[in-house]
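Student: This is the structure I want to talk about, given as structure tokens.
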Amino acid sequence: MKSSSEDGVRRSVQLQAAPMRRSLFRKYFLAFFAAVIVPVAVSGIGDAWFGYRDQRAMLSALLRVEATSAAGKIQSFLDGIKNQLAWTVQQSWTQDQGQHRLDALRVMRQVPAIVSITLIDDFGVERLHVSRIDLNRMEGGSDRSSDPAVVGVRSNGTWYGPVTFRDGSEPFMTMAMAGNRKAGGIVVAEINLKLVWTVVSEIRVGSSGRAFVLDQTDRLIAHPDISKVLQGTDENTAAALGRLRNEIAATGGQAATARNAENEPIVTAMAPIPDVGWTVFAEQAQAEAFAPLYASLWRTGGLLLAATTFASALAYWLAGRMTGPIRLLEESTEKIGAGQFEHRIEIGTGDELERLADRFNEMAHELAISRDRSERIARLKRFLAPQVAELVEKSGDESVLSGQRAEVVAVFCDLRGFTAFSAHAEPEEIMQVLREYYEALGAIITRYEATLTNFAADGLMVLVNAPVVRADPALRAVEMAIDMQDDVQRLIAEWRLRGHAIGFGIGLAMGWATVGRIGYEARVDYTAIGNVVNLASRLCSSADDRQIVVDDAVAQSVRGKISIVALGTRQLKGFDDQISAYEVGTASGRSNAVHEPNEGSKG
């Protein structure tokens, strides 16, 4: 891999040092110079300039009228709704509440665009909810004082919410307003904005002209093609529309020539809707808008067709010379983007395009190397600590993962009382507990460069001294277990404050086992097989909350370095003889408050 990187760097240096045989800029300069016919420019420039000015002024007036008309219709639509809603907040809530309901129903009959009306008293409590699609509520009693609509009304008197799309189809907006008197409370209405879409859909400027509406965040909220609105507005589209708004504003409100969100050349004007902060745009394609001017230019050009024949032929020849390599670059880029890093681009034009092709080839080579390295590391990190995975990958030697006999320390740990907890707790709470549990243990396992072979629910199996050999593995494993116990006990203290009776136990055993990769081509795990694994599992099952129980081999290896207390012998399931067990002292002390029934039995 190092040799490949050096070769890539060497090729890059050689490429930078190689001089261009022919400049692309020089080619175009000479081609355009030969194609420009001075008589065409002199005879056509006057007509083109004055024709452009006249056509631009006419388009500006037309587009501004259309945008202003649409903005006025939308503003009238919103003002009409606002005036109707004012009737629902005229009376105080000390009067007959049935009258409020009749007022709300009357407004909904008169304004089909209103989907629902919610009346809130001056204390912020919901008193009535009437809807065309939901169940009506009388005296709901819920506190709505912190709703954005209520907060906005109390600040500004009238509040307009953002545009949303129900079931991904029709646009809706929430409007809220307060009565003239505080006792009248607040009305919150959900409004169907289909009329806004209808207004912009009916606008036609020529055959291709159209109108659309943006909100204050440059999000598209109404467009003749409703699919563009439903797809939302990504950052690039919003930025393009924002630039379009700024370009028109820079002209003092006159129509501007620009490019729309689809990067199409257009002529466009806008009109604001101040109350809601929206902007209506009316646009027409430049090709159609300046068609009369283009026709005039074509008539002028026809008179000089003979003079331009040579220039046209030369431009056609150059276009062919350019489009071929560009098309090849485009097709090759798609293949490289799809992961075919072995693909190479062959262009022999001797200019910038050839250099670009060489750059692409170099990039594909480096990407292939990077992909292979990433796949190797990802494969190793499934069962190795990140530091170990990086070490194996850099050395390029995976033989340490092959099946072999090794003396390992097997560490098992799980939560006491987790079965009872998971039987009654909500799924979200269970997943939150496990997430905190795994994050705490994962950080410790990574710090001690141990190997996590598998985990199931609340149980984990960790190996020390395989696949990478470590000095004094028993001491390393015991210190890791102590840190595990201390960190998890801090979590357990928090869980118990939330009412969860959970404990944590650990079992360790040291001995010889068969370790290595196991699985099939699509999925490989690193694991250990042997009596030491079963012993560690049974010792873990016999451990109480806060206990770290180890076998005799581990105890003898760490004696004098770690506090060890003999627990006597225990009869563990699957073992004919009594097993000597020892407890490791931790900073968290001892507690038998939680102990889940396990398969082993204490001696």
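The values are calculated or read from the model by the stated rules, or taken from the named source; none is laboratory data. Since the model is a prediction, treat every value here as computed from it, not as a measurement. Cβ sites come from the backbone with ideal geometry, for glycine too, and all protein chains shown count toward neighbours. These area figures cover heavy atoms from the full protein model, side chains too; ligands, DNA and RNA do not enter into them. Shrake-Rupley method; radii C 1.70, N 1.55, O 1.52, S 1.80 Å.
Student: Given points 7 Å out from each Cα along the Cα-Cβ axis, report the residue 457 to residue 369 separation in nanometres with one decimal.
Tutor: Simple spin-label model gives 4.9 nm for this pair.
Student: Here's another thing I want to ask about it. Given the Cα-Cα distance of residue 443 and residue 486 and 0.36 nm per residue of separation, how much length would full extension add, in nm? The partial results should precede the final answer.
Tutor: On the way: separation 43, 0.36 × 43 = 15.48 nm, distance 1.31 nm.
Using 0.36 nm per residue and subtracting the Cα-Cα distance, I get 14.2 nm.
Student: While we're on this one: Residues with amide H under 5 Å of residue 122's amide H, sequence separation 5 or more or different chain, H placed in the peptide plane at 1.01 Å from N; which?
Tutor: Excluding prolines and chain starts, which carry no amide H, the hits are 185.
Student: Let me ask you something else. Got a number for the accessible area of residue 92? Probe 1.4 Å, square angstrom, nearest 10.
Tutor: Using a 1.4 Å probe on the heavy atoms, I get roughly 10 Å².
Student: Further question on the same structure: Estimate the FRET efficiency between residue 143 and residue 92 by the formula 1/(1 + (r/R0)^6), using the beta-carbon distance for r and 22 Å for R0, to the nearest 0.05.
Tutor: Values: r = 20 Å, r/R0 = 0.89.
Between residue 143 and residue 92 the formula returns 0.65.
Student: Please give the length that would be gained between residue 518 and residue 420 if that part of the chain were fully extended, namely 0.36 nm times their separation in residues minus their C-alpha to C-alpha distance (nm, one decimal).
Tutor: Numbers: separation 98, 0.36 × 98 = 35.28 nm, distance 3.32 nm.
Separation in residues times 0.36 nm, less the Cα-Cα distance, equals 32.0 nm.
Student: What whole-number volume per residue, in cubic angstrom, does the convex hull of the C-alpha atoms of the stretch 453-502 give? Show your work: numbers first, answer last.
Tutor: Working: hull volume 3.7 nm³, N = 50.
For the stretch 453-502, the hull spanned by Cα atoms encloses 73 Å³ per residue.
Student: At 1.4 Å probe size, with every protein chain present, just tell me what the per residue accessible area of the stretch 249-290 comes to in Å².
Tutor: Here the residues of the stretch 249-290 average 38 Å² of exposed surface.
Student: Moving to a separate point now. With every protein chain left in place and a probe of 1.4 Å, what is the accessible surface of residue 194, to the nearest 10 Å²?
Tutor: About 100 Å², rounded to the nearest 10.
Student: Between residue 436 and residue 54, what length comes free when the chain is fully extended (0.36 nm per residue of separation minus the Cα-Cα distance, one decimal in nm)? Present the calculation step by step, with values, prior to reporting the outcome.
Tutor: Values: separation 382, 0.36 × 382 = 137.52 nm, distance 7.06 nm.
Extra length from residue 436 to residue 54 when fully extended: 130.5 nm.
Student: What accessible area per residue comes out for the stretch 497-552, rounded to a whole number of Å², with a 1.4 Å probe?
Tutor: Values: 2190 Å² over 56 residues.
Here the per-residue accessible area is 39 Å².
Student: Label residue 225 and residue 402 with points 7 Å out from Cα along Cα→Cβ: what is the distance between them in nm?
Tutor: 6.0 nm
Student: Just grab the label-to-label distance for residue 151 and residue 309, each label 7 Å out from Cα along the Cβ direction, in nm (one decimal).
Tutor: It is 7.5 nm.
Student: With a 1.4 Å probe and every protein chain left in place, work out the accessible area per residue of the stretch 88-227 in Å², rounded to a whole number. Before the final figure, lay out each step's value.
Tutor: Working: 6530 Å² over 140 residues.
That works out to 47 Å² for each residue.
Student: Another question, if that's okay. Report the Cα centroid-to-centroid distance between the stretch 420-482 and the stretch 170-205 in angstrom, as an integer.
Tutor: 56 Å
Student: Estimate the FRET efficiency between residue 69 and residue 287 by the formula 1/(1 + (r/R0)^6), using the beta-carbon distance for r and 22 Å for R0, to the nearest 0.05. Please report the intermediate quantities before stating the final value.
Tutor: Numbers: r = 24 Å, r/R0 = 1.11.
It comes out at approximately 0.35.
Student: Counting only protein heavy atoms and using a 1.4 Å probe, what share of the accessible area of the stretch 115-263 belongs to carbon plus sulfur, as a whole percent?
Tutor: Details: 3480 of 7160 Å².
In the stretch 115-263, the share of accessible area belonging to carbon and sulfur is 49 percent.
Student: For the stretch 76-125, which chymotrypsin sites (Phe, Trp or Tyr not before Pro) are in a loop by DSSP, counting at most 14 other Cβ atoms within 10 Å?
Tutor: Values: sites: 77, 87, 93, 123; in loops: 93, 123.
For chymotrypsin sites (Phe, Trp or Tyr not before Pro) across the stretch 76-125 that sit outside H, G, I, E and B with at most 14 neighbouring Cβ atoms in 10 Å, the list reads 123.
Student: Using a 1.4 Å probe on the protein chains only, how many percent of the accessible area of the stretch 441-582 belongs to carbon and sulfur? Present the calculation step by step, with values, prior to reporting the outcome.
Tutor: Details: 3050 of 5860 Å².
That fraction is 52 percent.
Student: How are the alpha carbon pair distances in the stretch 81-215 distributed across 5 Å bins from zero to the largest one, expressed in percent?
Tutor: 2, 10, 20, 21, 19, 11, 7, 5, 3, 2, 1, 0
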